[in-house]
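The values are calculated or read from the model by the stated rules, or taken from the named source; none is laboratory data. Small disclaimer: the values here were computed from a predicted structure and weren't measured. A quick note on method: Cβ atoms are made from the backbone with ideal geometry, for glycine too, and the neighbour counts reach across all protein chains shown. The area values use the complete protein model at the heavy-atom level, side chains included, leaving out ligands, DNA and RNA. Shrake-Rupley method; radii C 1.70, N 1.55, O 1.52, S 1.80 Å.
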Amino acid sequence: MDYLKIKGKSALNGTIKISGAKNASLPLIAMTILAKNSVVIKNLPSVADIKTLLKLLSNLGAECQFLDDGVIVDTSSMHETKATYDIVKTMRASILVLGPILARFGHCEVSLPGGCAIGQRPIDLHLKALEQMGANIQIKAGYIEATAPNGLNGCEIIFDKITVTGTANIVMAAALAKGETTIINAAREPEVVQLCEVLHASGVAIEGIGTAVLKIIGTDRSLLEIPEFSIIPDRIEAGTYLCAGAISRSQLTITNTEPNHLGAVIAKLEEMGFELDIEEKSITIHPTETIKPVKIVTQEYPAFPTDMQAQFMALATQAEGVSIIEERLFENRFMHVSELQRMGADISLNGHTATINGKNTLSGTDVMATDLRASSALVLAALIAEGETNVHRIYHLDRGYDSLEKKLQNVGVTVERLKEGL
Ligand code: EPZ
């Protein structure tokens, strides 16, 4: 296993290019199951989760040809419809193949994803919606066995909770269903919007894109001709690097980004005293003398994203005063707190609310990553800690950040990727 050795008190200077969005890439790769043609996907990030999903598709008989900045996926020869535990256990987003496979083949077996570090992560809403569309769903020996021998039928679906991958799964299932599907309380994340836009460009009639009510008229199992597309920039990677500039009091520019996807994050950085220059595809953050404390409540898009909660907690340790962060989406998304406390952060927890009593002097030490975004928070803390910090188990980081240490080295951070035990 690898770990990152980061020298503290780093000042960052320069420009970081943002990669394609992991959470847009995953549903869009699953969507290729609906295609009759080879699908060309550009600006794909080089992260472990993408490789995992492409491996899953290959195991099911798809052909993947990698390009310099993307991949060509041909699912015309797909013959398998069982997503096995060995792959699904490593990435719960594999559940995204359920809707497309069921819609196209009329049957599908997907291993139950199980929980993960940040919470139990149920998929009951995905399954309930597919049953409403006419699927028969059985849970047997840890697998979801779904059948719809005569295809899926469009219907009205009301999601009890807003679910990002749940919305994506049902949008893809509805694209090949018979008749119209209305999804009420749909997720509005930019990643869901891009999925809808690409399906629309593939001839699927979709209304309400970007709103909480989506209307999809299915093709009744006619496969789609999907045009080439480029993955939208990763708004969470962008937010993470803005926090890197903020916490290290550096002037830093991020390019190839979409400021419109970062409204809530930009607003909170400005509230904390940072000045940001916003251009069409780039953002420059400027250092501030005094970082102000902040109150954050994580909610669905376009409100403040849960995927930026850990990063802002690291930043809040440098604010002059008391910050409050409430995590409303996941039941266990404070795994980074104990590691930040070991570095000297003064954070107390009460249920889903964290109180950060800044400003803290952080000391470098050995810390352990527990999940994707928690690990990026530890990297941020390491940038300003006294001495060196070793961030262990960075396979979590590799799931969602493309070339993180290289991007940080390019802006002046002393960081090395080393092998445990050597
Ligand atoms: C997506 O996960 C993202 N992953 C997560 O990003 C992100 O944190 C999350 O949305 C919220 O924004 C991908 O897009 C691959 P949800 P997802 O279904 O779809 C409950 C990262 O760091 N729920 O929107 O799995 C659920 O328990 C990852 O990149 C049900 O109860 O999240 C949670 O409380 C981490 N039943 C809430 O809804 C269901 O059937 C939101 O979950 C589905 C969800």
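Annotations
- Accessible surface, segment 23-138, averaged per residue in Å² (probe 1.4 Å): 35
- Sparse-neighbourhood loop sites, trypsin sites (Lys or Arg not before Pro) in segment 1-64 - DSSP loop, at most 14 other Cβ within 10 angstrom: LYS9, LYS36
- In terms of overall dimensions, segment 90-135 has a Cα radius of gyration and Dmax of 11.3, 33 angstrom.
- Kyte-Doolittle at least -1.0, axis length at least 15 Å by Cα - qualifying DSSP helices, the chain: 48-59, 164-175, 190-201, 235-247, 372-384
- Accessible-area order (highest first, 1.4 angstrom probe) of the listed residues LYS161, LYS128, LYS268: LYS161, LYS128, LYS268
- Summed over the residues of segment 260-379 and divided among them, the accessible surface reaches 39 Å² per residue at a probe radius of 1.4 Å.
- Computed on the Cα atoms alone, the convex hull of the chain gives a volume of 128 cubic angstrom per residue.
- The protection proxy used here, the mean number of other Cβ atoms lying within 10 Å of each residue, ranks peptides 389-398, 347-356 as follows, highest first: 389-398, 347-356.
- Protection-proxy order for peptides 167-176, 225-234, each taking the mean of Cβ atoms within 10 Å per residue, highest first: 167-176, 225-234
- Note on the chain: with neighbouring protein chains present and a 1.4 Å probe, carbon and sulfur make up 48 percent of its accessible heavy-atom surface.
- Over segment 60-179, relative contact order from alpha-carbon pairs under 8 Å, at least 6 apart, %: 24
- Alpha carbon centroid spacing (whole Å) that separates segment 66-97 from segment 302-381: 33
- Globularity ratio of segment 355-422, using Cα Rg and 2.2 N^0.38 Å: 1.12
- Normalised contact order of the chain, rounded percent, pairs of Cα under 8 Å and 6 or more residues apart: 21
- Placing +1 on the Cβ of every Lys and Arg and -1 on the Cβ of every Asp and Glu, with nothing else charged, gives the chain a dipole about its Cα centre of roughly 540 debye.
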